[in-house]
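Visitor: Structure below; questions to follow.
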Amino acid sequence: MKIIEPGTYFMQGDEACVEGAIYAGCRFFAGYPITPATEITERCALRMKEVDGVAIQMEDEIASIGAIIGASWTGTKSMTATSGPGFSLMQENLGYACMTETPIVIVDVQRGGPSTGQPTRASQGDVMQSRWGSHGDYEIIALAPNSVQEMFDLTIEAFNLAETYRVPVIILSDADIGHMRGTFTVSDNIKIVTRKYHTKPVKYNAYAYDENLVPRFPKFGQGHRVHITGLTHDISGYPKTTFPAIHQVLITRLVDKIRKNEQNICRVEIINPRAEYLVVAYGSPSNSVYELAEKNKNIGLFRPITVWPFPEGLFRKRLKGVKKCLVLEMNMGQLFWDIERTALKSGCRNTELFTKLGGDVHEPDEIVKELGL
Amino acid sequence: MKFFDLYRKDRWPHMFCPGCGIGTIMNAFYYAIAESGLSQDKAVFVAGIGCSGRIPGYIRGDSLHTTHGRPLSFASGIKLADPSLKVIVFSGDGDLGAIGGNHFINACRRNIDLTVICINNYNYGMTGGQVSTTTPAHFKTSTTPSGNKEYPFDLSEIAVAAGANYVARWTTYHVKSLIRSIKKALLKDGFSFVEVVSQCPVHFGRRNKMTAPTRLLNWIKENSIPRAKIKQITDDTLDLNVQGKISIGEFIERNRIAYTKLIGVCK
């Protein structure tokens, strides 16, 4: 098989993710074995060859993300996959990708932590790590799939966003979604974004940008002769580390290119848009709400598909007339803080967290009870 | 590729200290690459962090200044994704021997087409002269004020043991041999490694009664002997130790098929 053709398939979430990546144009993968993301590395080893791509198992996760950043500078769409412990190791180079504006995709199939934790059990413990894990100020994009279908769809979207905004995009999956087997459909109408390159050698000003704040990409080997560094740089790309104004301009742009595009980036799923009892859930736990919302039209679901940037605008709109917000998370409260903050701003004072740890799922009966219905 | 075309003149003056050996090494590199016949726009210059990390910033070509210890990871990705590029890595003893040690041995073993030039100045110059994994035993640094009580790594011997296709070590005194070895490394299939023992008079020299760059360079010269001779001496304190010597020369030349060829991305 070359690139997956339109049709319906039965696969594991991790495998669907690889098919999505290849469909999106990913031709370089570097990874390191880790439960529950190993299947992604294994399938890439099998599939990349068939599409004239390269998959390599590196010596650790630091090397894996380093290799995909390097590959991306040759104009190759690149991806790595890991779980919490490996994701922690990647944080420094993740910041490097933000600073140098390198499009990459990182799949984090979350498991229980901290430390080695529960390798085979699902969690949402890396939500804050995906947003704040590296040092310094930056903005990032993270997507949370809740099905095998979305492991395929959102991997494609992750590449599209990475290419559009020249930013690392994280797929925040978890052990349940990654290991789940299910059907997914490949439509014949999927949009693929290609990177905007410099057509003429830039020679100077590798990071010249226009009003959309995203510079064109000067890929290696084209005579651009650019210098790319993780040090603070001006539009020439050269290190300028001691001038406060240059750092301020650079970091503000890196943050603004995401924040000012929140509306274009953020996607959510809303069920029962006028329900007074609103369950906010993303990833695995959101699957516990569909049946409830089907039976009781006064129970709604607000599901951030884009977790970072937090879809604040869309959430504020949905909060009108809501009596109670119940947040489902498989952690001790991470996205909860942004949800509660936004709810308070919108005048909703009744926001509660319903935590499940250890890989346990939120039972529909328990959700009804927590809602006080 | 012409010698002076390689200078990124708009970045002059450079930031290296007076008496630093990096200038000599850059010159040797410019000579070697100019003679090698490689294309300037089909080469990528990669580095990590430290004094050596700043070298690609002064070369007029596509250059990637990466994170500390990781340049070999980035370089591997570049080479595998676009095998038409010649990927050259500049690194230091801290970058390769300490924080990036795991990447170093695995890159040697994996044998991807990369040329690595390691500037070994026996200490962390950029941060003010701390002990490194190659600091000779009993020498003083800012973090070993009573002398270094650890024995140093021999990076070139590690590269030989780990499986690199070409390994050579010279010093900033042996410029002609260094140019020859860099050129050979650049044209070699698979992983090639050239270590250059270099003087850091400002930090390493100053703390070890060799503040004058010429004095430190002379010390390096007087203590260098060909590797073949060193093999005959059985001394527990040998190899870059205070009583020992700096072994120099071409350490190994193998012809293991490069990884890039084995997986079929290079012909």
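The values are calculated or read from the model by the stated rules, or taken from the named source; none is laboratory data. The structure presented is a predicted model; accordingly, all values stated were derived computationally and were not measured. Here Cβ is always computed from backbone atoms with ideal geometry, including for glycine, and neighbour counts include all displayed protein chains.
Visitor: For the range A:75-101: of the residues being outside any helix (DSSP H, G or I) and surrounded by fewer than 24 Cβ atoms within 10 Å (Cβ to Cβ), which is nearest to the other protein chains (Cβ to nearest Cβ)?
Guide: Restricting to residues being outside any helix (DSSP H, G or I) and surrounded by fewer than 24 Cβ atoms within 10 Å (Cβ to Cβ), the top hit is A:Thr76.
Visitor: Follow-up question, since we're still on this one. Against the definition (modelled with pLDDT of 95 or more and surrounded by fewer than 24 Cβ atoms within 10 Å (Cβ to Cβ)), how does B:Gly101 come out, yes or no?
Guide: Considered against the rule, which asks whether it is modelled with pLDDT of 95 or more and surrounded by fewer than 24 Cβ atoms within 10 Å (Cβ to Cβ), B:Gly101 comes out as yes.
Visitor: Please determine, by comparing only the residues of the range A:62-74 that are closer than 12 Å to B:Arg70 by Cβ and more than 7 Å from every other protein chain (Cβ to nearest Cβ), which one is farthest from the chain's Cα centre (by Cα).
Guide: A:Ser64
Visitor: While we're here: Going by the conditions given, is A:Phe220 closer than 24 Å to B:Ile49 by Cα and within 14 Å of another protein chain (Cβ to nearest Cβ)?
Guide: Yes, satisfied.
Visitor: Any idea which of (1) more than 13 Å from chain A (Cβ to nearest Cβ); (2) within 23 Å of A:Phe28 (Cα to Cα); (3) assigned to a helix (DSSP H, G or I) is the one B:Thr115 doesn't satisfy?
Guide: (3)
Visitor: Please find, within the range A:236-250, the residue that is farthest from the chain's Cα centre (by Cα) out of those that are surrounded by 17 or more Cβ atoms within 10 Å (Cβ to Cβ), closer than 14 Å to A:Tyr209 by Cβ and of a type outside the set (S, T, N, Q).
Guide: A:Gly237
Visitor: With the requirement that a residue be touching a residue at least 12 places away in the same chain (Cβ under 8 Å) and among the basic types (Lys, Arg), what does the range B:196-214 give you?
Guide: Once the filter is applied, which keeps residues that are touching a residue at least 12 places away in the same chain (Cβ under 8 Å) and among the basic types (Lys, Arg), the range B:196-214 yields B:Arg206, B:Arg207.
Visitor: A:Ala30 - would you say it is away from every other protein chain (no Cβ under 14 Å), surrounded by 24 or more Cβ atoms within 10 Å (Cβ to Cβ) and at pLDDT 95 or above?
Guide: In short, no.
Visitor: Looking only at the range A:158-181, count every residue that is in contact with a strand residue (DSSP E or B) (Cβ under 8 Å, 6 or more places away or on another chain), of a type outside the set (Gly, Ala, Ser) and farther than 21 Å from A:Tyr290 by Cβ and tell me the total. Even if it seems obvious, please write down each step before you answer.
Guide: Filtering the range A:158-181 for residues in contact with a strand residue (DSSP E or B) (Cβ under 8 Å, 6 or more places away or on another chain) gives A:158-159, A:161-163, A:165-181.
If we keep only those that are of a type outside the set (Gly, Ala, Ser) too, we end up with A:159, A:161, A:163, A:165-172, A:174, A:176-177, A:179-181.
Then keep just the ones that are farther than 21 Å from A:Tyr290 by Cβ; that gives A:159, A:161, A:163, A:165-171.
Total meeting the criteria: 10.
Visitor: Here's a follow-up. Can A:Glu163 be described as in contact with a Pro (Cβ under 7 Å, 6 or more places away or on another chain) and among the charged types (D, E, K, R)?
Guide: Considered against the rule, which asks whether it is in contact with a Pro (Cβ under 7 Å, 6 or more places away or on another chain) and among the charged types (D, E, K, R), A:Glu163 comes out as yes.
Visitor: Now for a different question. Residue by residue through the range B:20-52, note down the ones that are within 9 Å of another protein chain (Cβ to nearest Cβ) and assigned to a helix (DSSP H, G or I).
Guide: Those that are within 9 Å of another protein chain (Cβ to nearest Cβ) and assigned to a helix (DSSP H, G or I): B:Gln40, B:Asp41, B:Lys42.
Visitor: Collect the residues in the range A:55-71 that are part of a loop (DSSP other than H, G, I, E, B) and touching a Phe, Trp or Tyr at 6+ places or on another chain (Cβ under 7 Å), keeping them in residue-number order.
Guide: Residues of the range A:55-71 that are part of a loop (DSSP other than H, G, I, E, B), as a first pass: A:58-60.
The answer is A:Met58, A:Asp60.
Visitor: Can I ask one more? Report yes if B:Ser36 is over 25 Å from B:Arg254 (Cα atoms) and either surrounded by fewer than 24 Cβ atoms within 10 Å (Cβ to Cβ) or free of Cβ contacts under 8 Å to residues at least 24 places away in the same chain (or both), otherwise no.
Guide: no
Visitor: Here's another thing I want to ask about it. Starting from residues that are farther than 19 Å from B:Ile55 by Cβ and in contact (Cβ under 8 Å) with a residue 60 or more places away in the chain, keep the ones in the range B:73-94 and report whichever is nearest to the other protein chains (Cβ to nearest Cβ).
Guide: For the range B:73-94, the residue satisfying everything is B:Leu80.
Visitor: List, please: which pairs have Cβ atoms under 7 Å, are six or more places apart or on different chains, and start with a residue in the range B:139-156 that is surrounded by fewer than 21 Cβ atoms within 10 Å (Cβ to Cβ) and end with one that is assigned to a loop (DSSP other than H, G, I, E, B) and among the basic types (Lys, Arg)?
Guide: B:Gly147/B:Lys140
Visitor: Let me ask something else about it. Name the single residue that is surrounded by the most Cβ atoms within 10 Å (Cβ to Cβ) among those in the range B:1-26 being within 19 Å of B:Gln199 (Cβ to Cβ) and free of Cβ contacts under 8 Å to residues at least 40 places away in the same chain.
Guide: Ranking the candidates gives B:Met26 first.
Visitor: Residue under question is A:Arg318, and the condition is that it be surrounded by fewer than 17 Cβ atoms within 10 Å (Cβ to Cβ) and touching a Pro at 6+ places or on another chain (Cβ under 8 Å); does it hold?
Guide: Taking the combined requirement at face value, the residue does not satisfy it.
Visitor: Moving on. With (1) closer than 24 Å to A:Phe217 by Cα; (2) outside any strand (DSSP E or B); (3) of a type in the set (A, V, I, L, M, F, W, C) as the list, and A:Ala142 as the residue in question, which single condition is left unmet?
Guide: Only one criterion in (1) closer than 24 Å to A:Phe217 by Cα; (2) outside any strand (DSSP E or B); (3) of a type in the set (A, V, I, L, M, F, W, C) is unmet by A:Ala142, namely (2).
Visitor: Just to be sure before I move on: is A:Thr41 hydroxyl-bearing (Ser, Thr, Tyr), more than 10 Å from chain B (Cβ to nearest Cβ) and either touching a residue at least 60 places away in the same chain (Cβ under 8 Å) or assigned to a helix (DSSP H, G or I) (or both) in the structure I sent?
Guide: yes
One line per residue, one yes/no per condition, for (1) among the basic types (Lys, Arg); (2) in contact with a strand residue (DSSP E or B) (Cβ under 7 Å, 6 or more places away or on another chain):
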residue: A:Ala281; (1), (2): no, yes
residue: A:Gly313; (1), (2): no, no
residue: A:Lys324; (1), (2): yes, yes
residue: A:Leu328; (1), (2): no, yes
